[in-house]
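Here is the structure we will look at.
The values are calculated or read from the model by the stated rules, or taken from the named source; none is laboratory data. Just so you know, these numbers come straight off a predicted model, no measurement behind them. In this analysis, Cβ positions are derived from the backbone assuming ideal geometry, glycine residues included, and neighbour counts consider all displayed protein chains. Protein only, heavy atoms only, side chains kept; ligands, DNA and RNA dropped before computing areas. Shrake-Rupley method; radii C 1.70, N 1.55, O 1.52, S 1.80 Å.
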Amino acid sequence: MKISTLTVIAVFFIITLAKAQQTRPKTDTVFFEDFNSKTLDRTKWNVEVTGNTVNDEQQAYVDSAATLYFVSGAMAGGAANGALVIKAVYKPGFTSKENKKYDFISGRINTQHKMEFTYGTASARMKMSSGAGLWPAFWALGNGSWPDCGEIDMMETVGDSSWISNALHGPKYFGNTPLVYRAFFPQGTDVTQWHVYSVDWTANSIVFKLDGKVTYTVTRTMVEHYGRWAFDNPKFIILNFALGGGYPAGVNKIKTPYNGISEATVNKIKAGAAKVMVDWVLVTKTDN
């Protein structure tokens, strides 16, 4: 029986494809939160309540539907299955459990002890208000004392809508860390639109991405130039919305009416227009 050349080529192609599929790394979903319910899933998330703020931030974090709530449909503004809203609220005279007074309250959630991962890809689809002193962040933190536990900042913005920052903090490279990069949005886009912020974390490198495009790559060698690599331990995810403080003030140089917060931003908060929206959070891990 004669076998045509085309048949041989087809069989070869099928075998090659099958082998490729067998050797292709498998990607598993470690964690996925679509924020499509009416209340926060407390089996996945902790809500932080604190008045002992750091970095001279001007807000207290509270567990309240005023600062953490869900929207759907047209109110979700492009999040098909709904979104989480973290809202800054003007509340002069608010007193925290530590008996400290604040003029603002906001929200902060984390996955500590509920979902922690070592290596993998962490992503979030988000959009947020701009305004000098608005300081939302999507980041990952290890357990234990800071900065020895290691911190990965996938997205921070201090109110300038044209850029976000990526950063690493660890022993001897923290605070005003040398391992930081300011990533500017392409012309015609900014922080107020939906974007996917992500990090690819391995044993030897940490690669930050904006909408799938690499913004900043840090290697173990780069980190160890400053101090110990603090990124072989489990990390948990944090989403928060801070207001003012050291980082914003260091950028915008504003001291009044609040440290790092402009009068225009205060008016935006008073009007209920200072919000962070989160469509989803995803953590995956690829078997090598």
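Below are the figures for this structure:
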quantity: For Lys91: the one exception among (1) in a loop (DSSP other than H, G, I, E, B); (2) open to solvent by 10 Å² or more (accessible area, probe 1.4 Å); calculated: (1)
quantity: Whichever residue in region 23-51 is within 18 Å of Gly93 (Cβ to Cβ) and not in a strand (DSSP E or B) and, among such residues, is modelled with the highest pLDDT; calculated: Val49
quantity: Residue satisfying condition, being of a type outside the set (Val, Ile, Thr) and under 20 Å from the mean Cα position of the chain (by Cα), within set Glu33, Glu98; calculated: Glu33
quantity: Exclusive hit being open to solvent by less than 60 Å² (accessible area, probe 1.4 Å) and in contact (Cβ under 8 Å) with a residue 24 or more places away in the chain, set Ala264, Ala249; calculated: Ala249
quantity: Breaking point among (1) part of a loop (DSSP other than H, G, I, E, B); (2) hydrophobic (A, V, I, L, M, F, W, C); (3) closer than 16 Å to Pro234 by Cα, for Ile152; calculated: (1)
quantity: Criterion: open to solvent by 10 Å² or more (accessible area, probe 1.4 Å) and assigned to a strand (DSSP E or B) - qualifying residue of Thr192, Thr221, Thr217; calculated: Thr217
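Yes/no per residue for (1) out of contact with any Phe, Trp or Tyr (no Cβ under 7 Å at 6 or more places or on another chain); (2) modelled with pLDDT of 95 or more; (3) open to solvent by 30 Å² or more (accessible area, probe 1.4 Å):
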{"residue": "Glu57", "(1), (2), (3)": "yes, yes, no"}
{"residue": "Thr67", "(1), (2), (3)": "yes, yes, no"}
{"residue": "Ala80", "(1), (2), (3)": "yes, no, yes"}
{"residue": "Leu84", "(1), (2), (3)": "no, yes, no"}
{"residue": "Ile109", "(1), (2), (3)": "no, yes, no"}
{"residue": "Met126", "(1), (2), (3)": "no, yes, no"}
